[in-house]
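What follows is a short report on a single structure.
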Amino acid sequence: SLDDLLAMLDKCLSHSDHGVRYEAAIVHAAIAQAFPAVGRKFVLSSLNEIVANVDEIRGLASKAPAITSPTPKSRFRRSVEKPHGNSQSDQLMHSQCVLHGKALALSMLMHEFPHIMGGVNAAIVVKVFNVAEKLLHCQFDEALVQKNPTAACTCIRSGYCLLSGVLTMGTEAVIPHISSAFTFWQNSGMNVLPGVSKFSPTHDLLIVESLLASVVTFLKFCPDLLLAVPDALNRLTALLEKLFPLVSSGGKLDQEKNSTLGNARLSSAISSIMEAYSWLPPGSFPLSADRIFTFASNQIQELSESDILCSILDSLLSREDKLIEAHSVERAVSPGQIGGSVRLDTNISMRGSDILHHNEREATLHLLAWRKKFRMRHHDDEYHESPILGLYLREGDENSIPTPLHGVGTWREPLDPTGSSKVRLLDSSIHVFAATFGLQDGQTQAKALRMLESMYTSSQMEKEKLNRFAVGTTLISESQGKVKPREEDVCASNVIATILSCLQALPLHEATYDTLIGVGPPWMERATNLLLRLLPSPSDVIRRGAAEGLSYLATLGVSEDAHTLQSTILHSLDEVMKGNTPGNQPKSQTDTISFARPGALLALACIQRAAKRMKKTENDRAVSRSVSRAPDSNDSGIDGPPFLIMMTRILPSLTTQNPEVGSHLARTYALHSFGVMVSNSIRISDETLSPDKVQIIWKAFEAVETSFLGAWSPAVSDISKGKEREKFASEAAFLAVLLRLMTTILPWLQHFNTLDRWIPSRFSCIASTILEWCGGHPVVLFEGTVFFERLNFYSNLVSPNSCCVTTTENTAGLAMSFLLSILRPPQSKVVADKEEDFTSCRGPLDAQRSAAMCLKALCSSCDFPNDAFLSFDLA
């Protein structure tokens, strides 16, 4: 029964193991979702128990022996020799465990109350603040601090845990008590300063870590109060300026990095300071900007040298290009390459991940925003006119501006922190580095780029040295996963993420407006050369990042002021496609033409997409400022970068007859780049197409058919000799790109009815064949649902007199077989009926959602639901 479960959880909340208490608190939060009344009852009773435990801790601390350091914890369930103590010491330890467990569970329940029936209870909020005040007052209890500082720290951390939990409830719940929160921070911050604190550095670090976590929670969930509370911004900035020297290099708490647990807590505290500065409005901390920038730069360099990989690179890239990272199931080496296959992604992540301590999980507990401002998708969010793609690829409006102060400049909302303290520190350092990069002078910016360049060069030299003397076989590395995959490059990924963050944070469209800048400041030239060096990387995500960064640099401004730098980049891309390196830089072992050409092709498409995005930004800005603009006659056509010239660079790689021009991977990138170029240069709403546009669309038709037919050549042929691994790995991406390209050009098929009215029929046949032989790959299935949903919208193109290949003009009949294969429930089997039961990735969530949306579109297009079901039965 529920009562029995609650009784067992109550015992777990007082367990001596931190992990048991943490998991029990999670279960309590889950129970509160299903039984809100039980959750509120638990909160009220637990608050009373916390008050009683505080009094008991104070009484026992005066009698028990003094404890100056935390009790050692067992690691991996190995027994640890416990120090011999008396019953009062054991009782004191038990009271601390109860206090921490109850506070942890209550803070998690605070997350749930705004989202469950009954909402927020004002009486509970008042009592939580009163209990938090009682707990935080232990910092000033001299008797308790002197006799047992560990017990005092437990009370203080529990108090800030409760405060962080109640701050996640939002502005309305917190605003009557916000003055108390500022008082807590001010008093605690003053009492950890050197010469004032009565604690050791170890205990001060515990207090600072929990204090800063509550500050970041406030900035994330209650940013409106920065304007509503008088002098709130100045008080928070002053608090951060006092605490930052304590955790920076040479500070009072910096010595804690010598221990493993202290190093993790120090990284967590520094991360909180970096995240707090990231959440502050731009320009609100001018006195600390230079110091923060230098510190963040040093952290990026040190952590990259320690082989720490950032987690924010994928979020900085366009989601439209994600499908080219797809790998076959057998060749996947990184999460996300299977497109939503949770089991495989989890398996890959576990093979290369570090173990998180419960302290690290608890440090980010209140900073995860999965409950914050639940954003509903708008029904008119469409991409390529597809609501399915619009749901997954929507970009640009996720960066919500919390206050008008944040609307100044190009402030970007920080991402949710990751659990690893080192990765979290690197992510926050990159974000702050980018946010303060634009405030530096040109010399400092150039110096920062030189730092990134030297960091990458030294890492490549070290990698080549290791590869030269390394002994091993590819078979062992691929089958057993003993070493990192060759595609992974930690330093290159961190450099790409840093440069992209800086480029996205700078208001480039305003900084160069109506000013002839030539090739730009020195840092831009260095960034261009560095990105060109990174473009031939074996890693798909690094190639995407380098291409995206070059597109930002090539589209500086939205008028004619940056064509010199643009021309330089386009010329350099031609050299990269030939296998040359910019600036006579030395080649590394991974710089080969097979990777250089795909990266250069993608960069051309990114430049065209960035130019369109910049144009849209300028138009939206003009509308918001009520500036009248004359209609641009070229807005719907081929303007901005030299579109036709870039197209001529892509077309040779679409051939299937010349192996010297490009590999299978290059053809995949060329198909994707061609689709991106078309979708960002020709408007769907155009009633007539110019001869140039007609020729471009016709080339797209030819590219689809020739690539589909050429893809069936065996991997053992002369064309694929030496590239078998690449062809097998990129098979899924190639098929997905083919489907995406067909989806892209569907709207213009009506212009070719008189020329070739059987194109839609052949596309249907191609799509059906791909979906039948894709092995159930989630990425290919997703693109298939998008194609048939769009084909159903243009169902008039597949009429009886336009079917030369398919046997029916009913789109539902064509799509139903594979849609059912996605939606059918997976069944556990001890013995597989066929080989696909072992290798298939059926049932990924993204593919199932897209299949359901496709079915919805098919049913809604019928005049009567029975007609839809009759079509399905016939299929």
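The values are calculated or read from the model by the stated rules, or taken from the named source; none is laboratory data. Quick caveat: nothing in here was measured; it's all calculated off a predicted structure. Reconstructed Cβ throughout: ideal geometry from the backbone, glycine too, with neighbour counts over all protein chains shown. What goes into the accessible areas is simple: the full protein's heavy atoms, side chains included, and nothing from ligands, DNA or RNA. Shrake-Rupley method; radii C 1.70, N 1.55, O 1.52, S 1.80 Å.
What residue, among those in region 155-177 that are open to solvent by 10 Å² or more (accessible area, probe 1.4 Å) and out of contact with any Ser or Thr (no Cβ under 9 Å at 6 or more places or on another chain), is nearest to Phe129 (Cα to Cα)?
Filtering region 155-177 down to residues open to solvent by 10 Å² or more (accessible area, probe 1.4 Å) leaves 157, 161, 168-173, 175-177.
Subsequent filtering for residues that are out of contact with any Ser or Thr (no Cβ under 9 Å at 6 or more places or on another chain) retains 169-173, 175-177.
Details: Met169: 13, Gly170: 14, Thr171: 15, Glu172: 15, Ala173: 11, Ile175: 12, Pro176: 11, His177: 8 Å.
Among residues in region 155-177 that are open to solvent by 10 Å² or more (accessible area, probe 1.4 Å) and out of contact with any Ser or Thr (no Cβ under 9 Å at 6 or more places or on another chain), the one nearest to Phe129 (Cα to Cα) is His177.
Are any residues in region 108-124 over 34 Å from the mean Cα position of the chain (by Cα) and β-branched (Val, Ile, Thr), and if so, which ones?
Ile124
If I go through region 406-453 residue by residue, how many of them are out of contact with any Asp or Glu (no Cβ under 7 Å at 6 or more places or on another chain) and part of a helix (DSSP H, G or I)?
29
State whether one or more residues within region 446-456 are touching a residue at least 12 places away in the same chain (Cβ under 8 Å) and among the polar types (S, T, N, Q). I'd like the intermediate steps shown before the answer.
Let us first name the residues in region 446-456 that are touching a residue at least 12 places away in the same chain (Cβ under 8 Å), namely 446, 448-453, 455-456.
When the remaining residues are screened for being among the polar types (S, T, N, Q), the result is none.
No: region 446-456 contains no residue that is touching a residue at least 12 places away in the same chain (Cβ under 8 Å) and among the polar types (S, T, N, Q).
Would you check which residues across region 80-94 are modelled with pLDDT under 60 and either surrounded by 14 or more Cβ atoms within 10 Å (Cβ to Cβ) or within 15 Å of Ala152 (Cα to Cα) (or both) and list them?
Pass one, region 80-94, residues modelled with pLDDT under 60: 80-86.
Listed by number, the list holds a single entry, Gly85.
Could you please find all residues in region 126-152 being of a type outside the set (Val, Ile, Thr), crowded, with 22+ Cβ neighbours inside 10 Å and more than 14 Å from Ser95 (Cβ to Cβ)?
Of everything in region 126-152, those that are of a type outside the set (Val, Ile, Thr), crowded, with 22+ Cβ neighbours inside 10 Å and more than 14 Å from Ser95 (Cβ to Cβ) turn out to be Ala132, Leu136, Gln139, Pro149.
What helices (runs of 4 or more DSSP H) completely inside region 1-75 contain at least 2 residues that are modelled with pLDDT of 90 or more and over 34 Å from the mean Cα position of the chain (by Cα)?
Numbers: elements: 2-13, 18-34, 36-61.
Fully inside region 1-75 and qualifying: 2-13, 36-61.
Out of (1) open to solvent by 10 Å² or more (accessible area, probe 1.4 Å); (2) closer than 18 Å to Thr171 by Cβ; (3) part of a helix (DSSP H, G or I), the odd one out for Pro230 is which?
Answer for Pro230: the failing condition is (3).
Do we find that Glu525 is within 25 Å of Pro282 (Cβ to Cβ), among the charged types (D, E, K, R) and modelled with pLDDT of 70 or more in this structure? First the steps, then the outcome.
Details: within 25 Å of Pro282 (Cβ to Cβ): no; among the charged types (D, E, K, R): yes; modelled with pLDDT of 70 or more: yes.
No; evaluated as a whole, the condition is false for this residue.
Condition first: of a type outside the set (A, V, I, L, M, F, W, C), in a helix (DSSP H, G or I) and touching a Phe, Trp or Tyr at 6+ places or on another chain (Cβ under 9 Å). Can you find one or more residues in region 190-207 that meet it?
First, pick out the residues of region 190-207 that are of a type outside the set (A, V, I, L, M, F, W, C): 191, 194-195, 197-198, 200-204.
Filter again for in a helix (DSSP H, G or I), leaving 201-204.
In the following step, the residues that additionally are touching a Phe, Trp or Tyr at 6+ places or on another chain (Cβ under 9 Å) were identified as none.
Scanning region 190-207, I find no residue that is of a type outside the set (A, V, I, L, M, F, W, C), in a helix (DSSP H, G or I) and touching a Phe, Trp or Tyr at 6+ places or on another chain (Cβ under 9 Å), so the answer is no.
Can you tell me which residue among Lys127, Lys147 is over 33 Å from the mean Cα position of the chain (by Cα), closer than 20 Å to Ser46 by Cα and of a type in the set (D, E, K, R)?
Working: Lys147 fails: closer than 20 Å to Ser46 by Cα.
Sole residue among the options that is over 33 Å from the mean Cα position of the chain (by Cα), closer than 20 Å to Ser46 by Cα and of a type in the set (D, E, K, R): Lys127.
Pick from region 329-340 the residues that are more than 19 Å from Thr785 (Cα to Cα) and over 15 Å from the mean Cα position of the chain (by Cα): which of them is surrounded by the most Cβ atoms within 10 Å (Cβ to Cβ)?
Ala332
Identify all residues within region 780-815 that are under 29 Å from Lys322 (Cβ atoms) and open to solvent by 20 Å² or more (accessible area, probe 1.4 Å); write none if there are none.
Hits for region 780-815 are Phe782, Asn792, Phe793, Tyr794, Ser795, Leu814.
What single numbered condition from (1) modelled with pLDDT under 85; (2) open to solvent by less than 40 Å² (accessible area, probe 1.4 Å); (3) in a helix (DSSP H, G or I) fails to hold for Leu709?
It fails just one condition, (2).
Right, Gln848: open to solvent by 30 Å² or more (accessible area, probe 1.4 Å) and at pLDDT 80 or above or not?
Numbers: open to solvent by 30 Å² or more (accessible area, probe 1.4 Å): yes; at pLDDT 80 or above: yes.
Judged against the criteria, Gln848 is a match.
Could you check region 268-309 and list, in sequence order, the residues that are in a loop (DSSP other than H, G, I, E, B) and either open to solvent by 10 Å² or more (accessible area, probe 1.4 Å) or farther than 20 Å from Gln504 by Cβ (or both)? Give the steps one after another, and end with the answer.
The first filter runs over region 268-309 and keeps only residues in a loop (DSSP other than H, G, I, E, B), leaving 280-288, 306-309.
Listed by number, the residues that qualify are Pro282, Gly283, Ser284, Phe285, Pro286, Leu287, Ser288, Ser306, Asp307, Ile308, Leu309.
Do any helices (runs of 4 or more DSSP H) entirely within region 739-830 hold 2 or more residues that are under 16 Å from Leu858 (Cβ atoms), in contact with a Leu (Cβ under 8 Å, 6 or more places away or on another chain) and at pLDDT 85 or above, and if so, which? Quick ask: steps written out before the conclusion?
Working: elements: 759-773, 778-793, 811-823.
In region 739-830, the matching helices (runs of 4 or more DSSP H) lie at 759-773, 778-793.
Among the numbered criteria (1) among the small types (Gly, Ala, Ser); (2) farther than 17 Å from Gly675 by Cβ; (3) open to solvent by less than 10 Å² (accessible area, probe 1.4 Å), which one does Gly775 miss?
The single condition Gly775 does not satisfy is (3).
Tell me yes or no: at least one residue of region 667-687 is of a type in the set (A, V, I, L, M, F, W, C), open to solvent by 50 Å² or more (accessible area, probe 1.4 Å) and in a helix (DSSP H, G or I).
First, pick out the residues of region 667-687 that are of a type in the set (A, V, I, L, M, F, W, C): 670-671, 674, 676-678, 682, 684.
Adding the requirement that they be open to solvent by 50 Å² or more (accessible area, probe 1.4 Å) leaves 684.
Among the residues that remain, those that are also in a helix (DSSP H, G or I) are: none.
The answer is no; no qualifying residue exists.
Would you mind telling me which numbered condition in (1) within 35 Å of the chain's Cα centre (by Cα); (2) more than 15 Å from Ala269 (Cβ to Cβ) Glu209 fails?
(2)
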